[in-house]
1. Just a yes or no: is a residue in the stretch 36-50 open to solvent by 90 Å² or more (accessible area, probe 1.4 Å), free of Cβ contacts under 8 Å to residues at least 12 places away in the same chain and β-branched (Val, Ile, Thr)?
2. Go through the residues of the stretch 144-153 one by one and say whether even a single one is modelled with pLDDT of 90 or more and out of contact with any Phe, Trp or Tyr (no Cβ under 8 Å at 6 or more places or on another chain).
3. When the residues of the stretch 63-91 are filtered to those that are of a type in the set (Asp, Glu) and touching a residue at least 12 places away in the same chain (Cβ under 8 Å), which remaining residue is most open to solvent (accessible area, probe 1.4 Å)?
4. Looking at (1) buried (at least 21 other Cβ atoms within 10 Å of the Cβ); (2) farther than 24 Å from PRO49 by Cβ; (3) in contact (Cβ under 8 Å) with a residue 60 or more places away in the chain; (4) not aliphatic (A, V, I, L, M), find the lone condition where ASP143 falls short.
5. Just one of GLY58, GLY18 is in contact (Cβ under 8 Å) with a residue 60 or more places away in the chain and out of contact with any His (no Cβ under 9 Å at 6 or more places or on another chain); which is it?
6. Taking the stretch 127-138 as the search range and keeping residues that are of a type outside the set (Asp, Glu) and part of a loop (DSSP other than H, G, I, E, B), which one is most open to solvent (accessible area, probe 1.4 Å)?
7. For the stretch 1-94, list the helices (runs of 4 or more DSSP H) that sit wholly inside it and hold at least 1 residues that are small (Gly, Ala, Ser) and modelled with pLDDT under 90; which are they?
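The values are calculated or read from the model by the stated rules, or taken from the named source; none is laboratory data. This is a predicted model, so every value here is computed, not measured. When we count neighbours, we look across all protein chains shown, and the Cβ atoms used for this are built from the backbone with ideal geometry, even at glycine. Areas reflect the complete protein model, heavy atoms only, side chains present, ligands, DNA and RNA absent. Shrake-Rupley method; radii C 1.70, N 1.55, O 1.52, S 1.80 Å.
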Amino acid sequence: RSFRENGAVVLEVNSSPGLRPHWLGDETRDVIGPILDSIYPSCAPSRVPIATVTGTNGKTTTTRMTARILEQAGHTVGFTSTDGAYINRERIVEGDVAGNRGARVIFQNPEIDMAVLETARRGIITSGLGFDWCDVGAVLDVDDDHIGTDGIRDIEDLARIRGLVARAARKFLVLNADDEHCVAMAAESKVERVCYVTAAPDHGPVAAQHIASGGMAITLRPGDGGPMIAFHDGGQAVDILPA
């Protein structure tokens with residue numbers, strides 16, 4: 001039967017359609033807008049929560065631990081490190097991708113609902129962070145291991161580079177309270193909350209004052225079987241697990 005009789009239509013399904021002819025047919029027509037609206041409906045979330053970790057020592061370990069905790073909580077986690085990019089521990093890219101390259105790989109994967117990114121010094125210098133802002137940023141320490149490389153003149157240069165992560169964080173910023181360069185990053189950040197981490201027996205002056213004012217912190221507290229990792233918030237302390 002003719003399509004004029006049964007109301008049928010013929011639709012070409014093209015995996016890579018050319019949009020230019022449609023625009024040339026009517027230059028006033030918004031060709032792209034409806035397509036984007038169908039992919040990203042109004043008010044629908046278009047981001048995944050991002051946690052990023054930088055510092056001189058411990059980045060990969062911290063990234064792996066954080067990703068594993070989130071996996072155990074039921075999330076599909078994409079994470080990057082100096083030995084590859086992973087989706088729930090399955091390596092999809094091999095090699096050092098602790099920077100912009102690895103972030104792009106993770107963000108392009110439609111399966112993930114959380115991203116944990118190791119963000120190394122070299123990656124920041126060569127190609128930037130790989131994201132505009134993150135929910136959680138962590139700066140573990142600033143040591144002088146890389147002075148003299150990549151144009152880094154002194155430890156202040158290193159602190160400025162790693163401080164980009166602190167300035168990119170919006171919700172939580174985790175800082176080493178025992179490192180003066182990390183502590184200084186709190187003043188440069190516009191994050192909602194700062195969490196200090198300290199291994200000092202007396203918590204140290206920065207973390208102790210932060211705890212006294214009701215702030216968030218992670219400390220070591222004496223316990224019957226040895227030191228305990230404790231979480232402080234709002235003036236309350238909860239022991240998490242033995243150190």
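1. yes
2. Pass one, the stretch 144-153, residues modelled with pLDDT of 90 or more: none.
There is no residue in the stretch 144-153 that is modelled with pLDDT of 90 or more and out of contact with any Phe, Trp or Tyr (no Cβ under 8 Å at 6 or more places or on another chain).
3. Top of the filtered list is ASP83.
4. The number of the failed condition is (1).
5. Residue meeting the stated conditions: GLY58.
6. For the stretch 127-138, the residue satisfying everything is TRP133.
7. 20-25, 32-39
Yes or no, residue by residue, for (1) of a type in the set (S, T, N, Q); (2) in contact with a helix residue (DSSP H, G or I) (Cβ under 6 Å, 6 or more places away or on another chain); (3) closer than 20 Å to ASN176 by Cα:
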{"residue": "THR52", "(1), (2), (3)": "yes, yes, yes"}
{"residue": "ASN57", "(1), (2), (3)": "yes, no, yes"}
{"residue": "GLN72", "(1), (2), (3)": "yes, no, no"}
{"residue": "PHE79", "(1), (2), (3)": "no, yes, no"}
{"residue": "GLY84", "(1), (2), (3)": "no, no, no"}
{"residue": "ASN109", "(1), (2), (3)": "yes, no, no"}
{"residue": "TRP133", "(1), (2), (3)": "no, yes, no"}
{"residue": "ASP144", "(1), (2), (3)": "no, yes, yes"}
